[in-house]
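Engineer: Dropping a structure here in structure tokens format, bear with me for questions.
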Amino acid sequence: MDPSGAPLGTPLGGFGSGEGLDVHAAPTASGVGVVDKASMILDALEAGPASLAQLVGATGLARPTVHRLAVALAHHRFVGRDIQGRFVLGSRLVELASAAGEDRLIAAAGPVLVQLRDATGESAQIFRRQGEWRVCVASAERPIGLRDTIPVGTQLSMKAGSAAQVLVAWEDHDRLLEGLRHARFSATVLAGVRRRGWAQSLGEREPGIASVSAPVRGPSGRVIAAVSISGPIERLTRQPGRLHAEVVVQAARQLTEAVRAAAQ
């Protein structure tokens with residue numbers, strides 16, 4: 001009998017889908033035992049958060065083995081913990097998925113950013129998270145006049161700016177708390193970002209600069225990037241979202257659709 005109360009070798013409830021999980025649905029063995037077992041744990045977590053007892057029942061592996069591998073995977077951020085202490089898929093998988101989708105994102109970025117720049121009159125960018133930084137991976141600069149210039153490859157802080165808000169807002173619990181540490185935005189601000197589906201900032205990253213950002217999502221629905229416009233507060237006003245949120249969100253949707261279509 002598993003500690004959860006379910007017999008070993010039977011499907012378990014309590015996962016995110018609300019359905020039982022096939023214990024022996026693991027892929028064909030590769031011949032490298034530790035990798036195969038780690039893969040079984042990740043496959044089980046694809047269905048949703050799971051306690052240690054549920055992972056034991058879902059994989060059929062010994063409890064000490066599951067615990068050892070889950071802790072090791074958590075060390076490398078392939079596995080995380082939710083607010084209830086259950087195991088969940090970790091943020092490192094999101095980063096790797098984002099990297100895998102970068103070419104598709106950049107391929108679709110050019111026309112969308114030009115359209116966004118022309119519609120708003122402001123410089124437009126796409127940012128992806130890389131570790132503790134957000135990196136500009138594509139941009140379309142305002143051709144003349146006062147502008148916020150952010151060349152491709154520029155690394156900016158994850159602690160300030162509307163793009164940072166977007167990239168942190170939908171993180172798992174632990175990464176969300178880490179993202180808020182020493183940040184210039186608050187948990188209340190991020191709750192508003194999630195509710196509205198877009199973020200704005202006024203002088204957070206740099207005095208006199210305002211920005212509006214929205215999330216780009218990958219095939220799984222996870223946030224893989226932020227699309228932004230930025231420029232002087234004098235032109236964007238102190239409520240830049242009121243002026244430009246709709247068109248920025250539309251650009252983010254176009255990019256999301258393009259990435260998903262390319263993945264099919």
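The values are calculated or read from the model by the stated rules, or taken from the named source; none is laboratory data. Please read these numbers as outputs of a predicted model, since none were measured by experiment. Note that each Cβ is placed from the backbone with ideal geometry, even for glycine, and that neighbours are counted across all protein chains shown. Quick note on the areas: whole protein, heavy atoms, side chains included, nothing else; ligands and nucleic acids left out. Shrake-Rupley method; radii C 1.70, N 1.55, O 1.52, S 1.80 Å.
Engineer: Going by the structure shown, is Gln125 under 20 Å from the mean Cα position of the chain (by Cα) and at pLDDT 95 or above?
Structural biologist: yes
Engineer: Please state which one of Gln125, Gln155 is under 23 Å from Arg92 (Cβ atoms) and not β-branched (Val, Ile, Thr).
Structural biologist: Gln155
Engineer: Output the number of the condition that Gln165 fails; it satisfies all remaining conditions of (1) over 15 Å from Val227 (Cα atoms); (2) under 14 Å from the mean Cα position of the chain (by Cα); (3) touching a residue at least 40 places away in the same chain (Cβ under 8 Å).
Structural biologist: (1)
Engineer: Here's something else I'd like to know. Restricting attention to the range 43-79, which residues are of a type in the set (S, T, N, Q) and surrounded by fewer than 18 Cβ atoms within 10 Å (Cβ to Cβ)?
Structural biologist: Ser51, Thr65, listed by residue number.
Engineer: Here's another thing I want to ask about it. If we keep just the residues of the range 237-264 that are without any contact (Cβ under 8 Å) to a residue 60 or more places away in the chain and of a type in the set (S, T, N, Q), which is surrounded by the fewest Cβ atoms within 10 Å (Cβ to Cβ)?
Structural biologist: Only one residue tops the list, namely Gln264.
Engineer: Another question, then. Here are some residues: Arg128, Arg77, Arg92. Which one is closer than 30 Å to Asp174 by Cα, of a type in the set (Lys, Arg) and assigned to a strand (DSSP E or B)?
Structural biologist: Sole residue among the options that is closer than 30 Å to Asp174 by Cα, of a type in the set (Lys, Arg) and assigned to a strand (DSSP E or B): Arg128.
Engineer: Taking the condition closer than 22 Å to Gln115 by Cα and either at pLDDT 95 or above or among the hydroxyl-bearing types (Ser, Thr, Tyr) (or both), does Ala191 pass?
Structural biologist: no
Engineer: Somewhere in the range 107-117, is a residue over 26 Å from Gly241 (Cβ atoms) and open to solvent by 30 Å² or more (accessible area, probe 1.4 Å)?
Structural biologist: The answer is yes, given that some residue of the range 107-117 is over 26 Å from Gly241 (Cβ atoms) and open to solvent by 30 Å² or more (accessible area, probe 1.4 Å).
Engineer: Out of (1) touching a Lys or Arg at 6+ places or on another chain (Cβ under 6 Å); (2) under 16 Å from Arg117 (Cβ atoms), the odd one out for Ser213 is which?
Structural biologist: (1)
Engineer: Please verify whether Ser39 is open to solvent by 50 Å² or more (accessible area, probe 1.4 Å), of a type in the set (Ser, Thr, Tyr) and either assigned to a helix (DSSP H, G or I) or in contact with an Asp or Glu (Cβ under 9 Å, 6 or more places away or on another chain) (or both), treating the condition exactly as stated.
Structural biologist: no
Engineer: Contact list please: Cβ distance under 6 Å, first residue in the range 80-105 and open to solvent by 50 Å² or more (accessible area, probe 1.4 Å), second residue assigned to a helix (DSSP H, G or I) and at pLDDT below 80, pairs at least six apart or on different chains.
Structural biologist: These pairs meet every condition: Arg104/Ala262.
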